[in-house]
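One structure is given here, and the rest of the page talks about it.
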Number of protein chains: 2
Amino acid sequence: MALLDRTEPDEGETRSTRDLILDEAVRCFAERGYEGTSLNDIAAGVGIRRPSLLHHFASKETLYGELFERILSDWLERVNIAVALDASGWDKVELVLRAGFALFEDNPDYVRLMRREALDGGAHLGIDLASVLRPLFDAAAEYLRTQMEAGVLRQLDPRHLLITGYGAILTYFSDAPFVNGLIDDEALTPSNIREHADSVITFFRSALTP
Amino acid sequence: MALLDRTEPDEGETRSTRDLILDEAVRCFAERGYEGTSLNDIAAGVGIRRPSLLHHFASKETLYGELFERILSDWLERVNIAVALDASGWDKVELVLRAGFALFEDNPDYVRLMRREALDGGAHLGIDLASVLRPLFDAAAEYLRTQMEAGVLRQLDPRHLLITGYGAILTYFSDAPFVNGLIDDEALTPSNIREHADSVITFFRSALTP
DNA sequence: AACCCACTACCTACTGGTAGGTAGGCACCT
DNA sequence: AGGTGCCTACCTACCAGTAGGTAGTGGGTT
């Protein structure tokens, strides 16, 4: 939690080798998973040798942990911004959904990484992913519950609904290679993403507004 | 010889070693992925040495391929049965959804395997997963389209809807370890599965029936 | 001088896969 | 009955390659 502070010099022009390593690591881990990625792969992507990489990060696990923490804090920050926006009823649901889509669109690699971690049950992480997201999950469920009780949204089980929504949105990005084959088109082009987002939101509105 | 008691009194039904290997391989690959699983892990789970495993399967890739093919044909068979049932409109949608839930409940490992393959874009497979499921996908989309046009179901983009449904249903099973942490309960108990299935189906019915 | 940072060279552990051998079962012979 | 071949199913020992990680070197900057 307290590790959110980052040096972050990054005066635009040159990213530090450290940051370049993190960037490349995200790509590799998202693409081929933790076990499927070797430190040599990452180092080669940056243009250095493995021992040089290990000069910046003590171990593969350390690198992965730091990278994941960075992603998670970025995610939480953006979600919190969306959650804090002044809206209510369905409008707020739609705002959060759109924020989620925007977040995923900006960095689809994050999504695949998250999905892999969810699949593995956080085996490569010291932290428990679910427990970190739990407060957010509970808050969202509570919001939905009150809105449903007030008759603003249709009565459904909030927790199951959230899991369904989580799966519906995440999947389009995490399984993009597979979706490509289904729709015979690039899933992650901006226009296709918007089309899918609109479709999902229409779907949810149909289900949730009385 | 005293190391491993392999005699295994053939009390009635005994699965062949080959089948035992396949069973264990599904478990391991679902749990830790292709790269995360070594042939030693699988062999140890069966109670034999790696070379003995390779006596039954030419290579790791062969084993994985055969296992996946078996799963896929099982899946397709069961889906086809559900699709062939005599029903129409929303009833048919619900039938297929329930068939999907039943299939996943019977073999949650299959789901995680599929998800991993979707994530990797079928990198470990000779076949293209999407192209195999494509006919099913197209048929489902066409069914939805005609039902929508007839006014039996609400007008939504069938293809995006299918992808959303696919993600919503698959996720509950594939990300079960993560869901456990969110709901603070075992996601894959029969009662929780039924509860979630009912929730998803209610949700879809709300969205789809005019 | 000291400090970075990247390098080469090397380590151990483990990977998928191979070589060669052994124990036991079954069919077919005298 | 007792060989004989041949087969399946397993074993130990080993291979080359690669994994993550360490030690020590040496040039550049300050």
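Here, each number is a calculation from the coordinates, and none is a lab measurement. What you are looking at is a predicted structure, and each value in this text was computed from that prediction instead of being measured. Cβ sites come from the backbone with ideal geometry, for glycine too, and all protein chains shown count toward neighbours.
Quick notes on this one:
- Label-to-label distances for B:Arg78 across copies, nearest first, come out at 3.6 nm, using points 7 Å from Cα in the beta-carbon direction.
- Cα-projected label distance for A:Ala123 with B:Asp91, points at 7 Å along beta-carbon direction, nm: 4.5
- Once the Cα atoms are used to define both axes, helix A:17-36 deviates from the longest principal axis of chain A by about 70 degrees.
- Mean projected area of the convex hull spanned by the Cα atoms of chain A, taken over all viewing directions: 13.3 nm².
- Counted charge near A:Leu170, where neighbours are those whose Cβ lies closer than 10 Å (Asp, Glu -1; Lys, Arg +1): 0
- Lysines with Cα under 27 Å of B:Lys60, excluding same-chain neighbours fewer than 8 positions away: A:Lys60
- Compactness of segment B:20-108, expressed as Rg and Dmax over alpha-carbon positions, Å: 17.0, 54
- Residues whose amide H lies under 5 Å from that of A:Ala123, counting only those 5 or more places away or on a different chain, are absent; hydrogens are built 1.01 Å from N in the peptide plane.
- Short-range pairs are left out: with C-alpha atoms under 8 Å and at least six residues apart, the relative contact order of segment B:1-146 is 23 percent.
- Scattering from the protein assembly as shown was approximated by placing one identical point on each alpha carbon and applying the Debye formula without solvent; log10 I(q)/I(0) at 0.10 1/Å stands at -0.76.
- In order through segment B:48-62: 3J(HN,Hα) via Karplus (6.51 cos²θ - 1.76 cosθ + 1.60), integer Hz, x for Gly, Pro: 10, 8, 4, x, 5, 4, 6, 6, 8, 10, 4, 7, 4, 4, 4
- Per-residue mean of foreign Cβ neighbours for B:201-209 is 5 (Cβ atoms of other chains, 10 Å radius).
- Ascending list, in nanometres, of distances separating the B:Ala44 label from those of the other copies (7 Å, Cα toward Cβ): 2.9
- Across segment A:138-204, Cα-Cα pairs more than 19 Å apart make up 44 percent of the total.
- Cα centroids of segment B:128-192 and segment B:83-104: 12 Å apart.
- Kirkwood radius for segment B:59-178, taken over all pairs of different Cα atoms as the inverse mean of 1/r, rounds to 15.4 Å.
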